[in-house]
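So the structure is just underneath, and the comments pick up after that.
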Amino acid sequence: MKTNDRYYFYFKLALVTVAAAMVLYELFYCDHFIGYMDGKYYYQYLPEFFIERNFSFYVKFPMGTALCELPFFLVAHLLTLWLSPGNVTGYGGFYEYAVGFCGIFFFLVGCVLLFKVLRELFESKNALFTMLLLIVGTPLGLYATKYASFSHVYTFAMGSALLFFILRMDADPKREMGYAFLTGLVAGWIFILRNVNIVFLLIYLLYDFGSGRRWTDHLAKVFSLRRLPFHIIGGLVLVLPQCLYWKRTTGSFLLNTYADERFAYLGEPKILEVLFSDAKGYFIFTPLMILAVLGWFFMRRTKAKSFRFGVPLLFFYILCITSTWWCWWLGGVYSIRVFLDILPFMALSLGAFMACLDYWIRQKSGMEKRVYTGIYVICILFFVYVNLALLAGAQRGIVNETFSNWWELRRAIFHWI
Amino acid sequence: MTFWENDLMKEKQIQQDKSVFNYMVPAILLGFAIFLLLKFDGVLDPSHRNHIRNFESDRDQENLYAMTDDNAATVWGDLSFWGEDTVPEDTTLTVYLDSVRPVRGIWMLGTFPSELSFYGWTGEKWQLLAVREKTPNNCEASFKPMETDRIKIEVTKSEEGQRWEVGEIDIYENE
């Protein structure tokens, strides 16, 4: 583990500033956090369990998000009982802000863990720069605040934790079993946040894939007695209660909670729409991530090479399930939000790109260096600007969050110019 | 050092990176930035070429959407009734043009319900222009030229499993 340096200080400073801005946004701009589409169903477990005492309650969404929100909900519940006992409904007042602050908390946890991961793999300067780009160049902040009741910011935090523990297991053999337990726990949490994301475990299984013996040695460690039992125990801590609850409410331990819905576009996946449409395109709304895609080809140059197969694979996995899903646009919420779930993994390839770019620019001098630096800086700033302008446009009602048209995007982009 | 495992690899990869970072990556990034600018300016959208200003469906109603994407307009109906994807009768798509134009026909690529009716806005009311039955992959309606700034297309007959997805729209004008 790297010791603290000035970049760590800058990172903490930036994070505190961003967190303060988020708190101000929640206090003075966004007045509710629960009632958005799926978000309210993720949350609904808490009022049903703790206020209605209804333990037969069933929704298709698993309980991982509610588990993240639980401590904040309990504080809000106690405050409501104390200060406003007539409003113990589970909604409104303190309960809304509990969810909002919960999103910020997990955003911070995810960012800190991801920064530590990036510092293990790249120079601190590049890790810092990558983190700053992720914060200002993606809609992560929106899903940590206004849409905090959705599962995505929590999945981001758990994905970061998964990467952190994967690296720690190798780096600290003395605590290997403890970290193995925590890896299992985090994997279980990812499963009960969004069941299909259990595939994220491939990032662990494919660690060092393509490096010959190193991969088979890694698999031997994964399935060794020093890890596997602890993975399983850690995973069951959270998965078992979810399965028992499904059994109680539906009669089945394992459930396809989306059984009524289907992959309507299996024969004609909406890949172009998911990636490039004006309506929701991932690279249109978050163009910065084109650098992360380019980074796939540079990962093998860096310490992040151990993840060079897992990261693209998870990207294509998310792309496939989204572009074939009947609701490929994922409802009336900003952008193709499920890509936020793999943001910690894409951060590795973004970091690899930034590290190689930084190295290459440093090899240049004079006018040549200034020209190339200028090109890259302008492109990156433009990509960040697009993200921020469209986010602002959506908040001001210019950009329709369900389906936007190009003239809505144009209004949002050129509004500030 | 984060990057190379040995000097031989370093030399080889530095040569590779030279062309990649000097030419390929800047070209990709600049190309992508230009693509975004064109996209935001609507130049890449077929509707731009067709003088189409806007599409409107009952977009604010649940389960029914009109949108434009790379291929003009798409309309979905009733997809939230899972397992059924029949476009409901009375579903409408209104195409707004950027000015009053002498429209004489519309051609659409996609999948269609049994019957569509085409209306033109006279300034006071909708005037029926044509009724077209289901065709396999495209739908074309020609009618007596009409000066209008908006055309409404309505599903007047729909059967089980019939969807209405418009992949591309062309508006024919009187020369």
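Among the residues of region A:363-397, those identified as of a type in the set (Val, Ile, Thr) and over 26 Å from the mean Cα position of the chain (by Cα) are A:VAL371, A:THR373, A:ILE375, A:ILE378. Scan region A:363-379 for residues that are of a type in the set (Lys, Arg) and either more than 11 Å from chain B (Cβ to nearest Cβ) or closer than 15 Å to A:VAL117 by Cα (or both) and jot them down. The answer is A:LYS369, A:ARG370.
Here is a check on your reading of the model: is A:ASN387 in contact (Cβ under 8 Å) with a residue 60 or more places away in the chain, closer than 30 Å to B:LEU97 by Cα and out of contact with any strand residue (DSSP E or B) (no Cβ under 8 Å at 6 or more places or on another chain)? In short, yes. Within region A:5-18, none of the residues are closer than 28 Å to A:CYS327 by Cα, surrounded by fewer than 18 Cβ atoms within 10 Å (Cβ to Cβ) and at pLDDT below 95. Checking each residue in region A:291-304 for being of a type outside the set (S, T, N, Q), facing chain B (nearest Cβ under 10 Å) and crowded, with 21+ Cβ neighbours inside 10 Å picks out A:LEU291, A:LEU294, A:PHE298, A:ARG301, A:ALA304.
Cβ separations smaller than 6 Å between residues 6+ apart or across chains give the following pairs from region A:187-216 residues that are free of Cβ contacts under 8 Å to residues at least 40 places away in the same chain to residues that are in a helix (DSSP H, G or I): A:ILE198/A:PHE191; A:LEU201/A:ALA187.
The residue of region A:119-165 that is nearest to A:PHE200 (Cα to Cα), among those that are among the β-branched types (Val, Ile, Thr) and surrounded by fewer than 24 Cβ atoms within 10 Å (Cβ to Cβ), is A:ILE135. In this structure, A:ILE232 does satisfy being farther than 24 Å from A:TRP407 by Cβ, within 25 Å of the chain's Cα centre (by Cα) and aliphatic (A, V, I, L, M).
Could you please find all residues in region A:78-93 being among the small types (Gly, Ala, Ser) and out of contact with any Phe, Trp or Tyr (no Cβ under 9 Å at 6 or more places or on another chain)?
A:GLY86, A:GLY92, A:GLY93
Can you tell which of A:GLY110, A:GLY103, A:GLY178, A:GLY159 is farther than 30 Å from A:PHE223 by Cβ and not aliphatic (A, V, I, L, M)?
Just one listed residue meets the conditions, A:GLY103.
If I filter region A:309-332 down to residues being assigned to a loop (DSSP other than H, G, I, E, B) and within 14 Å of another protein chain (Cβ to nearest Cβ), which single residue comes out as nearest to the chain's Cα centre (by Cα)? For region A:309-332, the residue satisfying everything is A:LEU330. Go through region B:90-125 and give me each residue that's assigned to a strand (DSSP E or B), over 18 Å from B:GLY161 (Cα atoms) and at pLDDT 90 or above. Correct list: B:SER117, B:PHE118, B:TYR119, B:GLY120, B:TRP121. Say whether the condition of being in contact with a Lys or Arg (Cβ under 8 Å, 6 or more places away or on another chain) and over 30 Å from A:CYS243 (Cα atoms) is met by at least one residue in region A:105-119. Yes: one or more hits.
So, in region A:385-406, of the ones that are part of a helix (DSSP H, G or I) and within 12 Å of another protein chain (Cβ to nearest Cβ), which residue ends up farthest from B:PHE32 (Cα to Cα)?
Looking at the filtered set, the residue picked out is A:GLY393.
For A:PRO85, state whether it is surrounded by fewer than 23 Cβ atoms within 10 Å (Cβ to Cβ) and over 25 Å from A:THR257 (Cα atoms). Spelling it out, A:PRO85 is indeed surrounded by fewer than 23 Cβ atoms within 10 Å (Cβ to Cβ) and over 25 Å from A:THR257 (Cα atoms). In the set A:LEU409, A:LEU343, only one residue is away from chain B (no Cβ under 11 Å), among the aliphatic types (A, V, I, L, M) and part of a helix (DSSP H, G or I); that residue is A:LEU343. Based on this model, can you work out whether A:LEU244 counts as hydrophobic (A, V, I, L, M, F, W, C), away from chain B (no Cβ under 12 Å) and surrounded by 14 or more Cβ atoms within 10 Å (Cβ to Cβ)? Against the criterion (hydrophobic (A, V, I, L, M, F, W, C), away from chain B (no Cβ under 12 Å) and surrounded by 14 or more Cβ atoms within 10 Å (Cβ to Cβ)), A:LEU244 does not qualify.
Which count do you get for residues in region A:235-273 that are aliphatic (A, V, I, L, M) and within 23 Å of the chain's Cα centre (by Cα)? Looking only at that region, the number is 6. For region B:97-125, a tally of residues being surrounded by 17 or more Cβ atoms within 10 Å (Cβ to Cβ) and over 20 Å from B:SER158 (Cβ atoms) returns 7. If the condition is being at the interface with another protein chain (Cβ under 8 Å from one of its Cβ atoms) and closer than 23 Å to A:VAL117 by Cα, then region A:272-290 contributes only A:ILE290.
Here is a yes/no grid of residues against (1) in contact (Cβ under 8 Å) with a residue 24 or more places away in the chain; (2) of a type in the set (A, V, I, L, M, F, W, C):
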| site | (1), (2) |
| --- | --- |
| A:TYR258 | yes, no |
| A:GLU261 | yes, no |
| A:GLU268 | no, no |
| A:ALA279 | yes, yes |
| A:LEU314 | yes, yes |
| A:ILE318 | yes, yes |
| A:CYS327 | yes, yes |
| A:LEU357 | no, yes |
| A:GLN363 | no, no |
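The values are calculated or read from the model by the stated rules, or taken from the named source; none is laboratory data. Please read all numbers here as calculations on a predicted model, not as lab measurements. Here the Cβ is made from the backbone with ideal geometry for all residues, glycine too, and neighbour counts use every protein chain on show.
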